[in-house]
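Please read the structure below before turning to the comments.
Just so it is clear, none of the values below were taken in a lab; they were calculated from the coordinates. For clarity, every value in this text was computed on a predicted model and none was experimentally measured. Cβ atoms come from the backbone with ideal geometry, glycine included; neighbour counts cover every protein chain shown.
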Amino acid sequence: MNNTAENKLYTYADYLTFPEDECVEIIDGHIYKMAAAPSRKHQELISQLLIEIGSYIKSNNGSCKVYPAPFDVILRNGDEDINNSKNVVQPDISIICDKNKLTDKGCTGAPDMIVEVVSPFNPSNDYVRKLNLYEEFKVREYWIVNPMEETVFVYRLDTSTMHYASPKSYTFKDIIKVGIYENLQINFATLNL
């Protein structure tokens, strides 16, 4: 549902008034419905990636935190009041290393890494809208995992340009390095899918 017909731009303050059972995100002030019931493979991918990343953080006494959806990430411009933010998303996986960004409600500011598992319901959200949004707000690393195609696109922020470099493309047979960590690699071939 994209409410452009009304020409109203929604904010985090509006988001807080929505019923809890209404799964929506706000991107650039527009509302987008989320798939109510993702596929088993979608959920299995999220679970397996959470285990891999969480285990790595724990075994290395890391300070980062990893969260699955539903988990609100509020992206705001500069000193913008949080209630006026026009971007509220629920990434499938968010990794946050700056604990000052964490609140009881979720994360205020860009996570260090986001993983989105593509749903057939609305793939353009992950490949276009969220890609542009995460680049704009300087998410250091963004993975788009497509269970239907068994592909993974990895975008990493180029610190000299502050834009994403060309994506690296992988399949579910590859081992993929997590760029925000020195030694973490995920072998998609060994995930229990």
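Data table
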| read-out | value |
| --- | --- |
| Within a Gaussian network of the chain (alpha carbon springs, distance under 10 Å), most fluctuating of N87, N132, N183 | N183 |
| Partnerless cysteines, meaning none of the other Cys C-beta atoms lie under 4.7 Å away, in the chain | C23, C107 |
| Listed residue pairs exceeding 29 Å between alpha carbons, taken from K99/K177; K8/K41; K33/K105; K105/K168; K138/K177; K33/K177 | K8/K41; K105/K168; K33/K177 |
| For a label point 7 Å along the Cα-to-beta-carbon line of M162, residues of region 66-81 with backbone N under 11 Å | 78 |
| Region 64-136: chymotrypsin sites (Phe, Trp or Tyr not before Pro) in DSSP coil with no more than 14 other Cβ atoms inside 10 Å | F121 |
| Antiparallel DSSP beta bridges within region 40-163, percent to nearest 5 | 70 percent |
| Normalised contact order of the chain, rounded percent, pairs of Cα under 8 Å and 6 or more residues apart | 16 percent |
| Per-residue HN-Hα couplings for region 18-35 [Karplus 6.51, -1.76, 1.60; θ = phi - 60°; Hz; x = Gly/Pro] | 6, x, 4, 7, 8, 8, 9, 10, 10, 10, 6, x, 10, 8, 10, 6, 9, 4 |
| For region 68-193: rounded, prolate or oblate by the Cα gyration tensor [a/c cutoff 1.5] | prolate |
| Computed over region 1-84: relative contact order in percent, which uses C-alpha pairs under 8 Å that are six or more apart | 29 percent |
| FRET efficiency estimate (nearest 0.05) - Cβ-Cβ, I82 to T151, R0 22 angstrom | 0.05 |
| Length added when fully stretched, F137-L16, from 0.36 nm per residue minus Cα-Cα | 41.4 nm |
| Most positive-pole-ward Cα, S166, P120, T190, against dipole of the chain from beta carbon charges | T190 |
